[in-house]
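Here the structure is laid out as structure tokens; the discussion comes afterwards.
All of the numbers you see were taken from the coordinates with simple rules; none came from a lab. Nothing here was measured: the structure is a model prediction, and the numbers come from that model. Here the Cβ is made from the backbone with ideal geometry for all residues, glycine too, and neighbour counts use every protein chain on show.
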Amino acid sequence: MHGTDSAGHPAETGEGDPVRPVIAVVGPTGSGKSDLGVSLALALGGEVINADAMQFYRGMDIGTAKISVAERRGVPHHLLDIMDVTEEASVSRFQEQARTLIAQIRSRGRYPILVGGSGLYVRAALDVLEFPGTDPALRAALERELEETGLDALRLRLRAVDPVSADRLGDGRRVVRALEVHGLTGRPFSSFMPAREYFQPAVQLGLTVERPLLHRRLAERVEKMVGQGLLAEVEMLADRGLREGRTAGRALGYAQFLRVLDGASTVPAAAEETVVATRQFARRQLTWFRADPRITWLDWNDPDLTARAAAAILEQ
């Protein structure tokens with residue numbers, strides 16, 4: 001447990017450096033993570049690092065519920081709007097960027113506050129976690145094989161060398177990645193997810209929302225996005241290459257509304273599909289984060305949420 005001084009800030013270590021853990025605010029989409037991140041930064045003296053992979057992209061504002069400049073309330077936010085929609089997000093590159101920022105923020109005597117619901121990205125920033133390299137030629141060959149033989153054939157091949165990943169991974173992109181890693185390293189992809197161990201002191205705070213309320217909030221949020229001009233945003237991004245984006249083109253809402261532009265769907269149908277997909281995504285997020293026993297869970301609607309969250313941080 002780290003001590004605090006009379007102002008409530010972390011006590012100094014023997015070397016004279018304050019012990020400021022990395023703070024991570026996690027939980028399902030629509031639970032208020034961005035707002036809590038800002039409130040904690042203002043209360044404790046911190047800066048926010050975005051850990052939502054879709055908020056890396058310039059122009060993807062409405063459909064990702066990206067926090068506005070006004071909503072940031074003067075708190076510095078990092079790793080927002082750093083990529084074009086044609087670029088592919090990389091968790092290993094994020095790990096490097098996030099850890100550089102964590103060191104810089106701590107050197108300024110402030111708390112690094114990681115905010116986002118992309119589970120693997122959060123873990124990459126917080127945990128001792130190794131990421132194998134890539135081989136474009138090998139990946140291209142595997143992607144061709146996926147196209148020619150289908151997902152079932154590729155998963156069967158994966159099962160022979162990495163049954164854990166074969167059982168866990170359900171989409172073609174991840175199966176291709178698992179086979180690429182095995183081809184490069186000779187090790188199962190699953191072996192690169194070791195026991196949970198922080199690479200430096202950290203505190204994770206998770207926000208809970210009752211399921212019926214969360215479902216209602218997500219439906220209302222999609223309705224609001226449509227009203228704010230989500231279709232126009234998707235159309236603008238389509239002109240910038242959204243369809244070609246391996247990561248951005250699959251984003252919730254964007255994939256559904258691209259079909260509207262193509263004449264294959266309607267706005268009401270795309271909105272309903274987005275609500276369903278977002279609920280499914282929120283369920284997967286909760287499954288991921290609930291598996292981590294290190295997370296302190298807080299009620300998103302607690303009137304004393306910021307104070308309780310700050311207390312949980314300072315007690316660590």
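Observations on the structure shown:
- Those GluC sites (Glu not before Pro) in the stretch 231-316 that DSSP places in a loop and that have at most 15 other beta carbons within 10 Å: 315
- The chain: most fluctuating residue of 77, 182, 215 per GNM, C-alpha cutoff 10 Å: 182
- Cα-based helix-to-principal-axis angle, 267-290 vs the chain, degrees rounded to 10: 50 degrees
- Distance between the stretch 62-89 and the stretch 103-173 - C-alpha centres, whole angstrom: 23 Å
- Cβ-defined net charge surrounding residue 41, 10 Å radius [Lys, Arg +1; Asp, Glu -1]: +2
- The angle between the Cα long axis of helix 91-107 and the longest principal axis of the Cα atoms of the chain comes to about 10 degrees, rounded to the nearest 10.
- ³J(HN,Hα) computed for each position of the stretch 169-179 - Karplus, 6.51 cos²θ - 1.76 cosθ + 1.60, integer Hz, glycine/proline x: 8, x, 10, x, 4, 6, 5, 4, 4, 5, 5
- Tilt relative to the chain, helix 211-228 - C-alpha long axis, 0 to 90 degrees, to 10: 70 degrees
- Rg to Rh quotient for the chain, alpha carbon positions, Kirkwood Rh: 0.98
- Global geometry of the stretch 177-284, whether rounded, prolate or oblate, following the gyration tensor of its Cα atoms and the 1.5 cut on a/c: oblate
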